[in-house]
Structures are given as structure tokens and as C-alpha cells.
1. Which label belongs to the value computed from this structure, given these candidates for Rg/Rh (Cα atoms, Kirkwood Rh): (i) 1.03; (ii) 1.00; (iii) 0.97?
2. Can you put ILE361, ILE64 in order, fewest other beta carbons within 10 Å first?
3. Any of LYS155/LYS371; LYS161/LYS357; LYS127/LYS402; LYS358/LYS402 with alpha carbons more than 31 Å apart? Name them for me.
4. Of TYR165, THR133, LEU179, which is farthest on the positive side of the dipole of the range 129-185, counting Cα position, with +1 on Lys and Arg Cβ, -1 on Asp and Glu Cβ, and the Cα centre as origin?
5. Just in the range 5-100: which trypsin sites (Lys or Arg not before Pro) are loop by DSSP and have at most 14 other Cβ atoms within 10 Å?
6. What is the Cα centroid distance between the range 81-100 and the range 363-430, reported in whole angstrom?
7. Based on DSSP H runs of at least 4 residues, each adding -39500 (n - 2.57), what is the mean residue ellipticity at 222 nm of the chain after dividing by all its residues, to the nearest 500 deg cm²/dmol?
8. Taking every DSSP beta bridge that has both residues in the chain, what percent is antiparallel when rounded to the nearest 5?
Amino acid sequence: MRQKMNVRKEALRLLRTAEQKDAYLSRLLDGALQSSPLSERDRALLAALVFGVTEKRVTLDYCIDALCSTHEPPGARMRMILRLGAYQLLFLDRIPPHAAVAETVALGKSPGERAFLNGLLRTMARKLSFADTLPRDSAQSPAAARIAAVAPLPKDPAALKSVLYALSPKVIRLFEDNLGDRAEDALLALAAPPPTTICVNTLRLDAHTALERLAQAGIPAKRCPDAPRSILILQTIAYASIEAALGAGNFFVQDEASQLAVTALAPRAGETGADVCACPGSKSFHAALLMENTGRIFSSDIHESKLSLIQSGAEKLGIGCLDICAHDARTARPELCGKCDFVICDVPCSGLGVLAKKPDIRHRCASLPEKLAPIGYAILCAAAEYLRPGGRLLYSTCTLTKIENEDNYHKFLQTHAGFAPLDFEAGGVRSRGGCATLLPNGTRDGFFFGLIVRGE
């Protein structure tokens, strides 16, 4: 019991720190887990709580505010405690309601706080319990039905989408403005648990053998048909468990969409390449596999503190063809100009395509496209200088806005003589005018990529 209580206390601490300091939750959680005495089960619960509360914040606040309509609005700390309790009741079936209520109530500092928490959360638990006894409208999703049991769903379409998808109306509009009638499909996919996809290190292991080892370890998985080195893990499972099954250094995490982009670029053995925004290194690693660990890849990132991720990853995988350094990709490195057969240019973006994996950015991303698009364009222009005649450049993002994607891609081609779009077919993905947008579909991220070739 004491350890379970510590899980909630630690979750509250991390969530409050992220809120007060506007810090990235994943970094805070990684730091906490490194020194955590918790069991693997409770470590998983801690991660589920902090990411889940962050992801569902809009929905949780809607339900909390409905139940608090006759009370003084809760302060910041009490609201976060309520979010923790409400998330367990609404979205974590494996935790008994009485345990979720009792352990959340214990986070209150005073008898008055604990009484308030107990009253509100028990009311929510009763409403949910009663709703579970009623027949469900077949047209309504299970999640929507549980939300509706606590608070009447908004009649306004925009407000309703905001509650159901746990996104601000501004972010909903970003999807609708950029994707039109495809927005709903993307939002539904991003509301599902995020997929985990690995890239098999074919320097040491083939994908067929990797699948067999996963099956032997009881880890359900399947090949991704469009990416030959890609395996989709079919349940939420700790990285350590995958590593125990496959062996350290025999794989790395890389989404199928990202793998398809590198495959389309087609790095070849003996070539010279550059990856200008390389951290954490997956695209550099994948390119090295395609090059059979020959040639040279100049992998750089603006954050010197993150370079160790690339270095340690390469060493673990047995990849020796990377030249790693810190560099601001908005300016070209003179020593590389005109020297590269290929360039990977995966630029900073608003991240709409990976909201399921990075829940904290869903509360930051509404204002990012206009800020980040010029940065992405500056990086593209600088990176293009590295290409020798006939060289290929991959421009990619994990977002879905035109201003960051197609607009930058076409603007570059219109303003830079001697460069042209390079059509491609990678797996089942075909480009249109040299680029393609992949929507999130439950098995891969939302992603944009385009190829550019420098004339001979």
C-alpha cells in the first residue's frame, strides 16, 4: 500500500513540476525512473498516470468542472489531484474504483481537502457505476459514453470534438484547416494507444528471426508490410522486455513512417551523407543499415547534451560510420558543402502527427506552426548546400500542417534553381510531385516527407 501511495505522490509531483516550469514531462519522468525504487508494475503505473493525465487534461477538466459547478473552483494543486483521480476512474479499468478514490483522497493535505476530494470522486464513481448498468448507444464510443455519464456532452460540434479528443478548439481547427474531411480519421487514430514500432538491426539479425524471438518471449508482433526492417509490437510493453527477447543492440525504436522516408531516400553502400537534425539518431542508424555500415554519415544536432544518445545508440548497434558533432542546422558547415550524396533534413515541427506519443505537446502545438515553419525552411536551405550534383535530400516532419510541410517544400523548389522534386515509391507510398503526407492510422505516426535532387 505504501508503494502504491508513493506512485500517486510521485505522479502528482511530476505533473505539478511540469505545469509550473513548463518542462517536458518525458524528461522529468525519465529522471524520476532512473532513481526509482518502485517495482516494474508500479513504474508502468507511474508512466501511465503522468502521461494519461497530461493527454486527457481537456476532457478531465470538463468533467471536473461539471461536478464542481456548485463549489468554489479548485486551486491548481487540488485540480491536479482531481485529474489524477478522475483519470483512474474514467480510463484505467484495471484499478478498482474504491482504490482509485481512497488513494487519491489521501493526497489531500487537510481534512477539508480530503473531504472535498472524497465527495467529488465518489460522485464520479457512482455515476460511472450506474452508467455501466445501462445499455449503451451503439453509435457512441465507450469513451464517449463514460464521459457522458459524468457530464452532459456539449452540443456545439467544436466543443464536443474538444472534449472527445482532449484537444483545445485551436488544435482541432488546425487539423480541420489542414486536412479537411480527413481530419476526423486523423483525430480518431491519435486518440488510440500509440503504436511501438522497431527497426531490426540487419547488421546482426534478420526480421524473420526477430519475429520468432518475440513470439518465443510471448510478445505479440507483426511485420509492417511496407517497411522490410519494421516490426509492430501489438501490445504496450516495456522496452526492457523487448530487449530481453531480441538482445541488446539488435533493434532500435523507429516508427514505420520514418523508416519509409529513409527507405525512399535510398542511401547506398559507400556513400557520404549528412543528418542535420539527427537526435535521437534513428534515421542515421537506418541509413547506416542501408549502407551496410560503410561510407560516412555526418550526424549533427543543435543540442550538444543530446549527442550522447546518438553516440551510445550507434555503439550499441555496432554502427561505426557516423561522425557526430553539435551544429546549428540553420547554417551550413563549409567543409560539407558540395560533398554529400544524400542529406536527411528532419526539421523541428509542431508534432501534430505524434500527439499520441508526446501528450505534453498537445497543449503547446497550436501556436507552433507559424513559429517553426521559418526555422524548417532555413534548415532546408542550408542542408541543400551539402549536396553534390545528383545528390538527394530528404525533407521531413512529424506534423500535418501545410505551412511546415508542402509550403516549405515547394517554396524551396521555386526559389532554388538547379534543384528538382524527386518522385519515389516506398512500400505502398507513392509521392505526388516528390512528396507525400501519411496520416496517423493506429499503426504509424502522421508524417510528411519529400525528396529533392540536385541537378548534374
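1. Checked against the structure: label (ii).
2. Ranking ILE361, ILE64 by Cβ neighbours within 10 Å, fewest first, gives ILE361, ILE64.
3. Check vs 31 Å cut-off fails for LYS155/LYS371; LYS127/LYS402.
4. THR133
5. ARG94
6. Centre-to-centre distance over Cα atoms comes out at 43 Å.
7. Values: 18 runs with 217 residues, N = 456.
Helices in the chain give a 222 nm mean residue ellipticity of -15000 deg cm²/dmol.
8. 60 percent
Bear in mind that the values in this text are calculations on the coordinates, not laboratory data. These figures come from a predicted structure and were not determined experimentally. Virtual Cβ from ideal backbone geometry, glycine too; neighbours counted across all protein chains shown.
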